[in-house]
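Written out below as structure tokens is the structure these notes cover.
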Amino acid sequence: MTSTTSAPTTAAGSDRTATAAVTSSRRTIDFRSVPAPVPAPGTAVIRMASVTLCGTDAHIWDDDYATELPIIQGHEAAGTILALDAADTTGAAGGWAVGDRVAISPMFYCGTCHACSIGRVNACRHMSVYGCYEDGSLVTEQAVPLEKLYRVPESVSLDLAPMSEPISIAMQAVNRGRATAGEKVLVSGAGPIGLLATVYLKDLGCDVTVSDMNPDRLELARAMGADRTLTVGREEFPTPAQKAELDELTDGDGPSLVIDATGAPSSVATGVDLVATAGRVVCVGISDQELRLTLRTLPVKEIDLLGSRNSQNLSGEALDLLDRHQDTIGRLLTHRFAFEDLDAAFETLVDPSAGVGKIAIDFTAEDPAEGDTRP
């Protein structure tokens, strides 16, 4: 497998500037003028159109993540090609041209560690991600390797295209669970990843039950295709009535697949209890809390307990899913802010009363035809 590394975001020799939103310290964003990127061979300069924010962005902004500040955040991004290297034929050979609408895959991997050697590049030991471990896409222009660009379908708007990144995360979790048409699946957690997993599972033909503590999220889950929802109580889940409902649905076996998108140890443990014998439980939620299970449950039920991280280069498939279900997936975008209003966007992102699904950051639209091909 070919090693994949990130490209510099700036280059010498240009008097043009771009504007970057730099998270310089806890809850502090500085807008800085930086040298505009110049495309090196094998890269394109992307004029940013939209970036969506996720929970990881909130943790980085709060300086509560394995990220060294200062950093330019942003790992869910889409825009248009502004410039290609005139001396490089790679772009033309790949069919790229100035003005093309693209989504950016933010993950980089070494290609040589054990995980990479067996095709599990999403679990690379030396992984890097734009906006998380190196400067990302909250900048007006960004230089990106051509291999990290995915063409946005004509019917999908650029302000929705960044959703392909979290969709790819949800698809990876479902793929890890080996979901098949007709099987009964429980999705624990109706946050963005759980809801996007629900859309993909329904696209595959599964019967999907979604559980969450928040009634508003459960209402959204039903609007996004869930066959039924279960409210998680603070004292007990499932209740006897809920357990009876699951038993009737599954002939007493329990769901054959559980996707846990909560990161809560109690939720994972409940999933292990509820899943059918010889079933699968996929953990896509992340937490530093300890998970405790008896060593009787796993071997006696002979279940597969699986982790899921990032995606195995599923951006193209994610854009296809987005194209097929963009009205449904678009329900997740509850807030939009201008690039200049990032402070308000992050304050809203961490406000539990704001009812946030996903937040989109919109950049000033400019004519892609103004782009160029630079030496």
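The values are calculated or read from the model by the stated rules, or taken from the named source; none is laboratory data. Quantities reported herein were computed from a predicted structural model and do not represent experimental measurements. All Cβ positions, glycine included, derive from the backbone under ideal geometry; neighbour counts span all protein chains shown. Areas reflect the complete protein model, heavy atoms only, side chains present, ligands, DNA and RNA absent. Shrake-Rupley method; radii C 1.70, N 1.55, O 1.52, S 1.80 Å.
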query: Only one residue in S311, S287 is surrounded by fewer than 17 Cβ atoms within 10 Å (Cβ to Cβ), of a type in the set (G, A, S) and in a loop (DSSP other than H, G, I, E, B). Which one?
result: S287
- prompt: Among the residues of the stretch 241-284 satisfying the criterion of being among the hydroxyl-bearing types (S, T, Y), in a helix (DSSP H, G or I) and touching a strand residue (DSSP E or B) at 6+ places or on another chain (Cβ under 8 Å), which is surrounded by the most Cβ atoms within 10 Å (Cβ to Cβ)?
  reply: S267
- request: Considering only the stretch 38-48, state which residues are surrounded by 24 or more Cβ atoms within 10 Å (Cβ to Cβ) and either on the phi > 0 side of the Ramachandran plot or among the small types (G, A, S) (or both).
  value: A44
- request: Give the residues of the stretch 102-128 that are crowded, with 19+ Cβ neighbours inside 10 Å and in contact (Cβ under 8 Å) with a residue 24 or more places away in the chain, sorted by residue number.
  value: V102, A103, I104, S105, P106, M107, F108, Y109, C116, V121, N122, M127
message: Please pick out the residue among V144, V156 that is farther than 30 Å from D304 by Cβ, aliphatic (A, V, I, L, M) and assigned to a loop (DSSP other than H, G, I, E, B).
response: V156
- prompt: What tally of residues in the stretch 16-37 results from selecting those that are open to solvent by 30 Å² or more (accessible area, probe 1.4 Å) and in a loop (DSSP other than H, G, I, E, B)?
  reply: 3
message: With the requirement that a residue be over 17 Å from I193 (Cβ atoms) and among the polar types (S, T, N, Q), what does the stretch 203-246 give you?
response: T231, T239, Q242
